[in-house]
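Enquirer: Pasting a structure below so you can have a look.
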């Protein structure tokens with residue numbers, strides 16, 4: 001990936017991390033999965049596990065997006081340390 005493409009990717013990731021609509025979509029997905037888990041029948045183990053995996057997937061997506069958005073800051077910080 002070229003430097004320009006990498007910069008564009010970081011900019012897009014930072015935009016998504018801060019975007020109110022993206023935050024709201026993720027909140028709604030998490031809430032729906034939590035509600036599915038809480039309102040599932042005691043014998044509906046598959047439904048509860050599906051909801052659990054959905055919440056974990058949302059958390060993993062958010063963590064990776066946040067890490068991607070932070071990469072340029074970490075890169076700059078590391079370069080500064082190497083120069084010192």
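Enquirer: Kindly check whether there is at least one residue in region 2-9 that is in a helix (DSSP H, G or I), surrounded by 14 or more Cβ atoms within 10 Å (Cβ to Cβ) and over 21 Å from the mean Cα position of the chain (by Cα). Break it down into steps so the answer makes sense when it comes.
Expert: Filtering region 2-9 down to residues in a helix (DSSP H, G or I) leaves 3-9.
Retained after the next criterion (residues that are surrounded by 14 or more Cβ atoms within 10 Å (Cβ to Cβ)): 9.
Imposing the further condition that a residue be over 21 Å from the mean Cα position of the chain (by Cα) reduces the set to none.
Within region 2-9 (the criterion being in a helix (DSSP H, G or I), surrounded by 14 or more Cβ atoms within 10 Å (Cβ to Cβ) and over 21 Å from the mean Cα position of the chain (by Cα)), the answer is no, since none of the residues qualifies.
Enquirer: Name, by its number, the condition in (1) at pLDDT below 95; (2) assigned to a helix (DSSP H, G or I) that does not hold for residue 42.
Expert: (2)
Enquirer: Any residue in region 1-29 that is free of Cβ contacts under 8 Å to residues at least 24 places away in the same chain sitting within a Cβ distance under 6 Å of a residue that is surrounded by 11 or more Cβ atoms within 10 Å (Cβ to Cβ) and assigned to a helix (DSSP H, G or I)? List the pairs, counting only those 6 or more apart or interchain.
Expert: 22/16
Enquirer: So, one more: Have a look at 33, 57 and point out the one that is modelled with pLDDT of 95 or more, out of contact with any helix residue (DSSP H, G or I) (no Cβ under 6 Å at 6 or more places or on another chain) and over 15 Å from residue 10 (Cα atoms).
Expert: Numbers: 33 fails: out of contact with any helix residue (DSSP H, G or I) (no Cβ under 6 Å at 6 or more places or on another chain).
Every option except 57 fails the conditions.
The values are calculated or read from the model by the stated rules, or taken from the named source; none is laboratory data. Remember, predicted model here, so these are calculated numbers, not experimental data. Methodologically, a virtual Cβ is constructed for each residue, glycine included, from the backbone with ideal geometry; neighbour enumeration extends over all protein chains shown.
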